[in-house]
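A.B. asks: Dropping a structure here in structure tokens format, bear with me for questions.
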Amino acid sequence: MARRTKTAAVAALTVVALVVAVAFVVVGRDPDGEPRATASPTADGPVSREATATVTTATIRSASPATVYRGGLYVEPWGAAASAAEELAEDGTGEQRAAAQAIAQESVAIWLSSFYDDDELLALIDRNVVASRKAGTTPVFVTYDIPHRDCGGKSAGGTDDAEEYLRRNQLVADALQGQRATVLVEPDSLGQLATCPEQTRGRTATLSAAVTQFYRAGIPAYLDGGNSSWIDGDVMTKRLRASGIDKARGFFTNVANYQTEADERAYAEELAESLGDDVHYVVDIGRNGTGWRGTWCNGRGAGLGRTPRVAEDGQRIDAFLWVKTPGASDGRCTGGPRAGAWFADYAVDLVENRREQ
């Protein structure tokens, strides 16, 4: 149950400082490696750095969800599903293309990792900041670069050490400062602390420093909260406190997993109650429409969760997100292609089994 879905693939990128000649898209996590990047239409000239932030350091905790996610969630127009839909127009079935198009219409988080060099990382961020500003919506980014990522498992990687990690993290914080955005910090990073204790020694201090970088930049950040079937709430509460939750907006749960909204809300409320009244959270509902499928890897019978949305019921929940890209394969399991490749038939199943809106 502790395993997570991860997606990836690789492609070349061309970058010219802050003049974005080519845009990029990140496709979730991959059991075997890094995110995938693909080319997209060119941008309209130089990147403007006008401030659009709706939150400041002073209001990271107190701002309402509607303020943090003003305008609603950003939909990346050249994401993985959109690319798949174009390809399937030539070599897929009508049903496969329709499924990809349905997923492409929704907001999916944008993943950042050391797969990109510094210039590529900045170009990726700037491209999406510009597009989201034009749309009047709020993008969600995910950092996935922690040293000893995945404890050397199928999604092993990350920076070489904490110093390099924090240098890279500062690039992200600086690029987003003054902009409307939120960041999910390192999925699995706290859930796996006991999986490889020798490798993760000092990780909570590193995460605390990273969250402080976002805090100083006025960017609402969320830490890894695992999910309702993984880590005991008391244990996760201690890990979150040690990782700088006091400087974060809150935490996230269920990334790349299948747990139901009801189970995640109950678990997250338990954590938030222990952490303080002003702590918020978000939940990944990308493929939890039919609940846990008995495996983390391309679980058959899974369905899309409800449409990603900003919460309107107040209290602690900020948003229901699609963090892991629905339709991207977890790896060569249950008939899937390599990790990160578009799994057209699985995408069809996800759409057919989608939870009613």
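Here, each number is a calculation from the coordinates, and none is a lab measurement. This is a predicted model, so every value here is computed, not measured. Here the Cβ is made from the backbone with ideal geometry for all residues, glycine too, and neighbour counts use every protein chain on show.
A.B. asks: Starting from 0.36 nm per residue, how many nanometres of slack lie between E269 and N353 once their C-alpha separation is accounted for? Can you show the working numbers first?
C.D. replies: On the way: separation 84, 0.36 × 84 = 30.24 nm, distance 2.74 nm.
Using 0.36 nm per residue and subtracting the Cα-Cα distance, I get 27.5 nm.
A.B. asks: Right, something else. PRE reach from S64 (point 7 Å along Cα→Cβ): which of segment 312-338 fall under 16 Å by backbone N?
C.D. replies: From segment 312-338, the list is 312-319.
A.B. asks: Okay, next question. Suppose every Lys and Arg Cβ carries +1 and every Asp and Glu Cβ carries -1, with no other charges. What dipole size does the chain come out with about its Cα centre, to the nearest 20 debye? The partial results should precede the final answer.
C.D. replies: Values: 37 positive and 48 negative charges, 66 e Å.
My answer is approximately 320 debye.
A.B. asks: Now for a different question. Could you give the dipole magnitude of segment 233-357 about its Cα centre, charging the beta-carbon of Lys and Arg +1 and that of Asp and Glu -1, in debye to the nearest 20? Don't jump to the answer; show the numbers that get you there.
C.D. replies: Working: 17 positive and 19 negative charges, 122 e Å.
My answer is approximately 580 debye.
A.B. asks: Let me ask something additional. Under the Karplus relation 6.51 cos²θ - 1.76 cosθ + 1.60, θ = phi - 60°, what is the ordered set of whole-Hz ³J(HN,Hα) values for segment 55-70, x standing for Gly and Pro?
C.D. replies: Working through the residues one at a time gives 10, 10, 3, 5, 10, 4, 8, 8, 4, 6, x, 5, 7, 4, 10, 4 Hz.
A.B. asks: Using only alpha carbon pairs under 8 Å that are at least six residues apart, calculate the relative contact order of the chain and give it in whole percent.
C.D. replies: Across the chain, relative contact order equals 21 percent.
A.B. asks: From the backbone phi of segment 207-224, what are the Karplus-calculated ³J(HN,Hα) couplings (6.51 cos²θ - 1.76 cosθ + 1.60, θ = phi - 60°) in whole Hz, Gly and Pro given as x?
C.D. replies: So the J values, rounded to whole Hz, are 5, 4, 5, 5, 4, 4, 4, 5, 4, 5, 7, x, 9, x, 10, 10, 9, 5.
A.B. asks: Across segment 57-352, how many lysine pairs, 8 or more apart or on two chains, come within less than 26 Å at their alpha-carbon atoms?
C.D. replies: Details: K134/K324; K154/K324; K238/K247; K238/K324; K247/K324.
The result is 5.
A.B. asks: Using packing as a proxy for protection, rank 221-231, 118-128, 293-303, 315-325 so that the peptide with the highest average count of other Cβ atoms within 10 Å comes first.
C.D. replies: Details: 221-231: 25.5, 118-128: 21.2, 293-303: 17.9, 315-325: 23.4.
The peptides rank, most packed first, as 221-231, 315-325, 118-128, 293-303.
A.B. asks: Among A205, L321, S64, which residue has its Cα furthest toward the positive end of the charge dipole of the chain, with +1 on Lys/Arg Cβ and -1 on Asp/Glu Cβ?
C.D. replies: Of the options given, the answer is S64.
A.B. asks: At 0.36 nm per residue, minus the direct Cα-Cα distance, what do V235 and T93 gain on full extension? Give it in nm, one decimal, please.
C.D. replies: On the way: separation 142, 0.36 × 142 = 51.12 nm, distance 4.73 nm.
Working it through step by step, the gained length comes to 46.4 nm.
A.B. asks: Once each part is reduced to its C-alpha centroid, what is the distance from segment 62-78 to segment 278-323 in angstrom?
C.D. replies: 16
A.B. asks: Could you pull out every residue, at least 5 positions away or on a different chain, whose amide H is within less than 5 Å of the one on G191? Hs are placed 1.01 Å off N in the peptide plane, and Pro or chain starts have none.
C.D. replies: Under 5 Å from the amide H of G191: G226.
A.B. asks: Rounded to the nearest 500 deg cm²/dmol, what is the calculated helix-only ellipticity per residue at 222 nm for the chain, with -39500 (n - 2.57) per DSSP H run of length n ≥ 4?
C.D. replies: Numbers: 10 runs with 112 residues, N = 357.
It lands at -9500 deg cm²/dmol.
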